[in-house]
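Worksheet for the structure shown next.
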Amino acid sequence: MNSNLAYNEYTQNNISIESRERLIEMLYEGILRFNYQAKKAIKNEDYEKKSYWINRSIDIFIELISSLNFDGGDVATYLSGLYLHQIKLLSNANAKNKTEDLDVVNKVIKGLLEAWREVNAKPSMD
């Protein structure tokens with residue numbers, strides 16, 4: 001799959017995105033939605049849809065990794081490792097139909113999303 005698929009889809013569907021910050025938030029939200037659909041597909045034993053939704057989540061993680069700025073310090077390195085681990089969990093969920101792995105990824109993304117919103121809600125010190 002094209003690693004820019006998630007980014008392209010979101011930017012095409014949301015031309016009026018105000019900022020990069022909002023785009024990251026939308027990508028995190030997309031992972032949560034896609035994982036919900038994958039979990040539902042596993043429960044319904046619809047393995048084709050399960051793979052489709054998990055691959056969409058993986059595409060978003062690939063896009064998030066490719067957008068990291070490693071010149072900015074250790075945060076990018078940490079996030080890269082974290083995102084790669086989430087891809088591993090998603091791949092395992094896909095191969096073994098493990099909803100528990102989807103739950104772990106969702107918990108991590110919910111934490112990241114909450115932190116992202118908190119950081120970006122603070123007024124600028126300029």
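Quick note: the coordinates plus some simple rules give every number you see, no bench work behind them. Just so you know, these numbers come straight off a predicted model, no measurement behind them. As a convention, Cβ positions derive from the backbone with ideal geometry for all residues, glycine included, and neighbour counts pool all protein chains shown.
Its Kirkwood hydrodynamic radius, worked out from the mean inverse distance over all distinct Cα pairs, puts segment 17-80 at 12.9 Å.
Farthest towards the positive end of the charge dipole of segment 20-84, among the residues 77, 42, 53, is the Cα of 42, using unit charges on the Cβ of Lys, Arg, Asp and Glu. Here the Karplus curve 6.51 cos²θ - 1.76 cosθ + 1.60, taken at θ = phi - 60°, turns the phi angles of segment 92-98 into couplings of 5, 4, 5, 6, 10, 6, 9 Hz, with x standing for Gly and Pro.
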